1. Please determine, in degrees from 0 to 90 and to the nearest 10, the orientation of helix 289-298 with respect to the longest principal axis defined by the Cα atoms of the chain, where the helix direction is its Cα long axis.
2. Along the three principal axes, how long is the chain when you take its alpha carbons, biggest first, rounded to the nearest angstrom?
3. For the range 230-241, take each phi angle, set θ = phi - 60°, evaluate the Karplus expression 6.51 cos²θ - 1.76 cosθ + 1.60, and give the result in whole Hz per residue in order, putting x for glycine and proline.
4. Over the chain, with the other protein chains present, what is the accessible area per residue in square angstrom, probe 1.4 angstrom?
5. Which value, in Å² rounded to 10, gives the accessible area of residue 82 with a 1.4 Å probe and all protein chains present?
6. Starting from the amide H of residue 226, placed 1.01 Å from N in the peptide plane, find each other amide H under 5 Å away whose residue is 5 or more places distant or on another chain.
7. Taking every pair of alpha-carbon atoms in the range 177-222, what share in percent sits in each 10 Å bin, from 0 to the bin with the longest distance?
8. Pick from 351, 137, 286: which is most flexible by mean-square fluctuation in a GNM of the chain where alpha carbon atoms under 10 Å apart are linked?
Amino acid sequence: MSSHDVDDQVVIPGLALEAGLSPKDVKTSFFDAPDIDLSIYDNIIVCMSGGKDSIASLLRILEMGADRDKIELWHHEVDGREGSSLMDWRFMTSYNKALAAAFGFPLYFSWLEGGFEGEMLKNNSYGRPHKVETPDGLITLERDTTRAKPSTRLKFPQVSANLQTRWCSSALKIDVGRRALNNQARFNGKKVLFITGERREESANRARYSQLERHACDRREGRLARHVDAWRPVLAWSEEQVWDIIARHNVISPVPYRLGWGRSSCMKCIFNDATIWATINKYFPGELDALDAYEVSFGTTIRRDKKGIMDVAKMGVPLEITDLAALRQVTQEDYTLPIFCGDGEWVQPAGAFLRTGCGPS
Ligand code: SF4
């Protein structure tokens, strides 16, 4: 092990702080930090998309002995709560509630008002407010229109590592999470651990992520004394390790994997490949109509090769869905399937280890 590795993996920043070093003297970015001292944190926030990697992240900290009283789950709702169901699985809100209840953790939703569809239809207009559930109730975070300028989108986010081009991840998740952290006084003067489930295996971009670093909302040296670390517990894990921990805890696979999806992203994620679009078109006819209509009205396709979504769906060979309980769940808003199975009953889902193209969450 090199001295760099020792620094990253053995000298844990939390221990350094506990040893009395000033925050400015403590290294705050660690390429590899698979084990950290969870006990130094007052709050542990797990960003719970409802996919396998965020579930694995939660299970990992439970296996590490995290204090359950410090844990809360956050879920960013891609479609918002103003009536749009353009992109995400209809059961996703209910599934996350069921998951949080089954584990016994509080769950706070947050979203951009109007969701994906509202943001996409911005036409010389200001960004809409963010809505954030907190222990004290729902807060509405208005935009500062003295600093922001009106802008226009009127096209789908495009497949790209650049978050300005792939604006859905930043506008609907990252920004929402940042404002939720910045606007809750309960985090001031506290040490907060912000956990997300990215894995290096997923992309060349993610392969470069640090495992532990100062979060963008960290203000540890400032008046707010808000210490926020971003930690990615499963960053270096293989997919096999992810399914192993899920099986070990008898957590039934989330529905998308049971259908054959390789990832649990938005149902109609911009990263979907022809197989997934064809599967949606076959099993849920009409689901792609709104996307098709927007492509026509914008004059811009979701895909960069300028192929329209209906044409791509017709080109692809649909998956054969055999899990009928999962299939029935797709059209329902209420999640009615169990979260846990009994010992010895865990079944690997059809989508495990498949590289069907469905993108980042
Ligand atoms: S899952 Fe896909 S469509 Fe949904 S926010 Fe992420 S990149 Fe965008």
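The values are calculated or read from the model by the stated rules, or taken from the named source; none is laboratory data. The model shown is predicted, which means the values in this text are computed figures rather than measured ones. Every residue, glycine as well, gets a Cβ built from its backbone with ideal geometry; the counts of neighbours run over all protein chains shown. Only protein heavy atoms, including side chains, enter the accessible area calculation; ligands, DNA and RNA are left aside. Shrake-Rupley method; radii C 1.70, N 1.55, O 1.52, S 1.80 Å.
1. Here the helix axis deviates by roughly 90 degrees.
2. Principal-axis extents of the chain (Cα, largest first): 62, 59, 42 Å.
3. 9, 10, 10, x, 10, 4, 9, 7, 7, 4, 4, 5
4. Values: 15870 Å² over 361 residues.
It amounts to 44 Å² per residue over the chain.
5. Approximately 80 Å² of residue 82 is accessible to the 1.4 Å probe.
6. HN-HN under 5 Å from residue 226: 189, 219, 220.
7. Pair shares across the bins are 22, 46, 24, 8.
8. Among 351, 137, 286, the largest mean-square fluctuation in the Gaussian network model of the chain belongs to 137.
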